[in-house]
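> Got a structure for you, questions after.
The values are calculated or read from the model by the stated rules, or taken from the named source; none is laboratory data. Here the structure is a predicted model, which means the values were calculated and not measured. All Cβ positions, even for glycine, are placed from backbone atoms using ideal geometry, and neighbour counts span all protein chains on display. In case anyone asks, the SASA skips ligands and DNA or RNA and just uses the protein heavy atoms, side chains included. Shrake-Rupley method; radii C 1.70, N 1.55, O 1.52, S 1.80 Å.
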Amino acid sequence: MSVLQLAAVLSALVPQSPVSYEVSFPNAVHHEAEIRVTFPDLPRGALQLRMSRSSPGRYALHEFAKNVYSVKAFDGSGDELEITRPNPHQWDVAGHDGTVTLSYTLYADHADGTYSGIDATHAHFNMPSAFMWARGLGDRLITITFQPALGSNWRVATQLAPTGDPFTFMAPNLDYFLDSPTELSDFALREWQVGSGDRSYTIRMAVHHEGSEPALDRYVNWSKAIVDEAHAVFGEYPAFDYGTYTFIADYLPWVDGDGMEHRNSTILASTRSLDQSARGLVGTVSHEFFHAWNVERIRPRSLEPFDFERANMSRELWFAEGFTDYYGGLLMRRAGITNVSNFARSAGGSLSYVINAPGRSYFSPIEMSMQAPFVDAARPVDATNQANSFISYYTWGSVIALGLDLTLRTRFDGLDLDAYMRAVWAKHRDVDAPYTVEDLRDVLGELTGDRRFAEDFFRRYVYGLDVMDYEPLLGRAGMLLRKSFPGEAIIGQASLRFNDQNAEITSATLMGSPLYEAGLDRGDVIFRIDGRQVGRRSDLETVLRDHRSGDAVEIEFRQRGSTKLATLTLAENPRLEVVLYEEAGLPVTAEMQAFREAWHSASGGRARRGAFAPCRPPIEAGLGQTRFDCPAPNIRSRPPVAPSLPR
């Protein structure tokens with residue numbers, strides 16, 4: 001029985017007065033909402049009211065209380081009550097008569113997956129950023145009624161349970177309420193059915209945008225294909241509560257770009273339009289919908305239950321976010337929205353970033369995941385050294401997923417990453433069975449029948465700092481991992497601001513790079529390299545064209561008020577890329593084509609995935625090797641009923 005089903009059963013057995021919210025928008029043009037919430041049948045003692053400090057799917061702290069003001073509290077007779085503030089996030093109300101009604105104004109002008117945005121065109125709510133709640137009442141039913149802005153044509157899109165009133169909705173408890181983003185606007189609505197019988201669900205897309213109808217049609221059709229391909233990975237849909245899954249999309253110049261998953265919905269926001277950027281926007285759809293399985297129901301133990309009062313740290317984001325990121329691109333490819341060259345280029349960018357990143361010397365993928373409270377939409381005031389110490393757990397995790405997928409396809413007959421994801425789904429498919437890193441390792445050992453392989457894979461690539469040898473793995477699919485600019489001399493990967501006279505370094509210089517080794521860093525101003533002024537990018541390019549990797553040249557620069565000279569030893573550009581064999585002028589064998597087809601084909605065409613002879617590592621190679629003894633490539637559920645309101 002799911003949490004929502006249990007809540008519905010308990011509410012029927014033990015009637016309790018719900019917490020009720022009312023939301024109106026008399027000043028929407030100035031980004032304000034007026035919110036009233038009533039807490040009835042309270043025990044004696046002070047009622048502790050809170051604004052959240054974190055939000056589902058976000059790992060850093062966000063001080064949502066800063067946008068709340070004009071807070072007042074009243075008892076059941078309408079008499080005003082005194083409020084005390086023990087901390088910036090809490091309002092305590094004592095001396096009540098068993099009922100407290102709270103009213104306040106919310107300011108909201110940042111519509112994305114974390115915050116809220118209100119204006120004359122819509123009201124976009126991420127619930128933790130907007131709604132106060134009370135400690136100790138988390139199991140109560142919640143109702144919320146919206147009063148649309150006067151003269152608007154607003155409707156409501158949300159995963160909350162509907163009622164007979166199109167502007168009143170319910171949630172079985174506080175956790176579900178805070179996990180239910182809501183959009184009020186004159187959105188375009190598209191719906192379709194998936195599944196069958198008692199596992200039939202409605203997929204809804206509520207799109208608030210300024211694009212054309214043909215662009216919306218194309219976007220929705222692509223999204224349908226993504227939904228089908230995600231289903232094909234797991235073989236079934238999650239049991240979407242109340243029978244629906246809702247995409248809430250805002251594609252408008254005045255919102256902020258984001259994508260944020262929730263249990264039965266997702267928020268999609270971008271300043272780009274459907275007419276210009278439909279393919280890229282569907283890429284976010286692909287990532288977020290895969291989360292309906294991986295993270296919303298396949299839950300890390302570290303995030304279950306989610307704590308709204310602190311930063312939530314997890315060791316598993318390399319899997320929860322990184323594997324999802326890998327599938328985001330793979331589903332796009334399988335759905336035919338992108339081509340194989342696009343997929344290869346994207347994989348090359350990810351591999352280049354991870355393989356060349358200095359941060360790999362400091363933290364493993366697990367430890368990078370634990371950095372999320374510092375990097376996930378966090379806004380530090382001070383400078384950080386994350387360019388040298390951090391690798392995105394999204395990207396590193398996607399690279400691990402790529403390597404594991406190719407390793408399984410190469411080494412184990414009939415297995416691939418889809419099979420692994422289904423095995424994880426079978427064992428950890430809901431919040432009652434959250435997983436740890438060790439659980440993920442054990443599932444891999446059970447799936448392959450080779451526990452030693454699983455242990456060594458996790459030891460090296462998850463707990464450790466190693467990366468797989470991707471060249472032979474990609475070669476099986478006729479893809480070539482190579483240097484993008486062999487022999488090209490560079491001064492290092494750093495951002496430069498040119499102003500005709502000089503070039504200012506505006507980012508940290510990377511450890512081991514020529515600039516770093518010469519002693520230059522952020523804020524330094526370069527005057528000359530090899531005696532030549534570098535006030536324009538073309539000046540720098542001219543200097544580099546005249547030299548080779550390994551050449552030593554003089555660099556003149558200003559650092560913290562002092563003009564200095566140093567020796568700059570140029571290095572070869574380390575950037576990597578993945579290209580198709582045919583693009584590199586190499587022959588593609590029938591075996592490569594078949595391997596690539598099974599990996600990338602649409603859901604109906606992957607039955608042949610076990611048709612390849614598995615490769616086994618030579619005995620002397622040891623465990624966990626990724627250079628396999630293969631022939632060298634020939635270079636020729638039924639949803640719960642919505643809870644009833646107590647009468």
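> Can you name every residue in segment 145-157 that is open to solvent by less than 40 Å² (accessible area, probe 1.4 Å) and out of contact with any Ser or Thr (no Cβ under 7 Å at 6 or more places or on another chain)?
Phe146, Ala149, Ser152
> To continue, here is another question. Restricted to segment 212-267, and to residues that are small (Gly, Ala, Ser) and under 26 Å from Thr121 (Cβ atoms), which residue is most open to solvent (accessible area, probe 1.4 Å)?
Gly257
> Say we look at segment 70-129 and pick out the residues that are charged (D, E, K, R) and under 34 Å from the mean Cα position of the chain (by Cα); which of these is nearest to Arg272 (Cα to Cα)?
My answer is Asp112.
> Among Arg429, Arg451, Arg476, Arg441, which is the only one that is open to solvent by 10 Å² or more (accessible area, probe 1.4 Å), among the basic types (Lys, Arg) and closer than 21 Å to Leu351 by Cα?
Just one listed residue meets the conditions, Arg476.
> Condition (residue is of a type in the set (D, E, K, R), open to solvent by less than 10 Å² (accessible area, probe 1.4 Å), closer than 30 Å to Ser17 by Cα and not in a helix (DSSP H, G or I)) applied to segment 181-190: is it met by at least one residue?
yes
> A follow-up question, please. Name, by its number, the condition in (1) within 30 Å of Met592 (Cβ to Cβ); (2) under 18 Å from the mean Cα position of the chain (by Cα); (3) aliphatic (A, V, I, L, M) that does not hold for Met368.
(1)
> Which condition number in (1) open to solvent by less than 30 Å² (accessible area, probe 1.4 Å); (2) out of contact with any Leu (no Cβ under 7 Å at 6 or more places or on another chain); (3) of a type outside the set (Gly, Ala, Ser); (4) assigned to a helix (DSSP H, G or I) is the one that Tyr176 fails?
Among (1) open to solvent by less than 30 Å² (accessible area, probe 1.4 Å); (2) out of contact with any Leu (no Cβ under 7 Å at 6 or more places or on another chain); (3) of a type outside the set (Gly, Ala, Ser); (4) assigned to a helix (DSSP H, G or I), Tyr176 violates only (2).
> Within segment 352-368, can one find any residue that is buried (at least 24 other Cβ atoms within 10 Å of the Cβ) and in a helix (DSSP H, G or I)?
yes
> Moving on. Could you tell me how many of the residues in segment 77-111 are of a type outside the set (A, V, I, L, M, F, W, C), outside any strand (DSSP E or B) and more than 19 Å from Arg135 (Cα to Cα)?
Qualifying residue count, segment 77-111: 4.
> Determine which single condition Met313 fails, assuming it passes every other condition in (1) open to solvent by less than 10 Å² (accessible area, probe 1.4 Å); (2) closer than 28 Å to Pro434 by Cβ.
Here Met313 meets the rest and fails (1).
> So how many residues does segment 217-249 have that are hydroxyl-bearing (Ser, Thr, Tyr) and either in contact with a Ser or Thr (Cβ under 7 Å, 6 or more places away or on another chain) or part of a strand (DSSP E or B) (or both)?
Total meeting the criteria: 3.
> Answer with yes or no whether Asp79 is in contact with a His (Cβ under 6 Å, 6 or more places away or on another chain) and surrounded by fewer than 18 Cβ atoms within 10 Å (Cβ to Cβ).
Here the answer is no, as Asp79 does not meet what is asked.
> Please list, ordered by first then second residue, the pairs with beta carbon atoms under 8 Å, 6 or more apart or interchain, first in segment 186-197 and basic (Lys, Arg), second at pLDDT 95 or above.
Close Cβ pairs (under 8 Å, with a partner that is at pLDDT 95 or above) amount to Arg190/Arg204; Arg190/Met205; Arg190/Val207; Arg190/Leu216; Arg190/Val220.
> Out of the residues in segment 277-307 that are open to solvent by less than 10 Å² (accessible area, probe 1.4 Å) and of a type in the set (Gly, Ala, Ser), state the one that is modelled with the lowest pLDDT.
Ranking the qualifying residues of segment 277-307, first place goes to Ala278.
> Taking the stated definitions as given, is Ala401 of a type in the set (Gly, Ala, Ser) and either open to solvent by 20 Å² or more (accessible area, probe 1.4 Å) or at pLDDT below 95 (or both)?
No, not satisfied.
> Right, something else. Just one of (1) surrounded by 14 or more Cβ atoms within 10 Å (Cβ to Cβ); (2) at pLDDT 95 or above; (3) over 17 Å from Gln501 (Cα atoms) trips up Gln625, so point out which.
It is condition (2) that Gln625 fails.
> May I pose another question? Quick test for you: out of Gly211, Gly195, pick the one residue that is in contact with a strand residue (DSSP E or B) (Cβ under 7 Å, 6 or more places away or on another chain) and at positive phi.
Only one candidate qualifies: Gly195.
> Would you confirm whether any residue within segment 43-66 is in a helix (DSSP H, G or I) and crowded, with 16+ Cβ neighbours inside 10 Å?
Yes, because at least one residue in segment 43-66 is in a helix (DSSP H, G or I) and crowded, with 16+ Cβ neighbours inside 10 Å.
> Does at least one position in segment 466-481 carry a residue that is basic (Lys, Arg), more than 13 Å from Arg411 (Cβ to Cβ) and at pLDDT 95 or above?
No, segment 466-481 has no match at all.
> Can you pull out the residues in segment 380-397 that are surrounded by fewer than 16 Cβ atoms within 10 Å (Cβ to Cβ) and farther than 24 Å from Thr324 by Cβ?
Within segment 380-397, Pro380, Val381, Asp382, Ala383, Thr384, Asn385 qualify.
> Now, a different point. Across segment 533-570, which residue is nearest to Pro358 (Cα to Cα) among those that are open to solvent by less than 30 Å² (accessible area, probe 1.4 Å) and touching a Gly at 6+ places or on another chain (Cβ under 8 Å)?
If we take residues in segment 533-570 being open to solvent by less than 30 Å² (accessible area, probe 1.4 Å) and touching a Gly at 6+ places or on another chain (Cβ under 8 Å), then Leu570 is nearest to Pro358 (Cα to Cα).
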